[in-house]
Amino acid sequence: MWNQVRKLQKNKTLKYGIPMLLLVVGGSFGLREFTQIRYDAQKIKRKMDPALEARVNTKKQSEILQDEYEKLKDLNLNEWKNIRGPRPWEDSKEYQEQQRARLNKGT
């Protein structure tokens, strides 16, 4: 009996092959579960706002683009002024008042 146990302990297939096979097969099942969690999380993140989703479902894409174009067509984009926002260390209200004063002096 002890002789058979020693033969099994010396057998390289049992010592190295079976643990390697279990690692490969078990790893594939584990990776499948982890990747499924990843794709489920992406699906949840991609969900649209219900109001936007209802609008998209009721109108065709070309109609939505046409509506947005009509909104932008009415705007006068040639006379806009680029105003820099305040830096984190600057007081935002004070800085905005200074910017408005400079713009009013310039016009």
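The values are calculated or read from the model by the stated rules, or taken from the named source; none is laboratory data. On a predicted model such as this, the values are computed, not experimentally measured, just so you know. So basically every Cβ, Gly included, is an ideal-geometry build from the backbone, and we count neighbours across all protein chains shown.
One residue stands out among those in the range 11-58 that are part of a helix (DSSP H, G or I) and of a type in the set (S, T, N, Q): the one that is nearest to the chain's Cα centre (by Cα), which is Q42. Take V5 and tell me if it is β-branched (V, I, T), surrounded by fewer than 10 Cβ atoms within 10 Å (Cβ to Cβ) and at pLDDT 80 or above. Criteria not met by V5.
On the basis of being more than 30 Å from L52 (Cα to Cα) and surrounded by fewer than 11 Cβ atoms within 10 Å (Cβ to Cβ), does K105 make the cut? Yes, satisfied.
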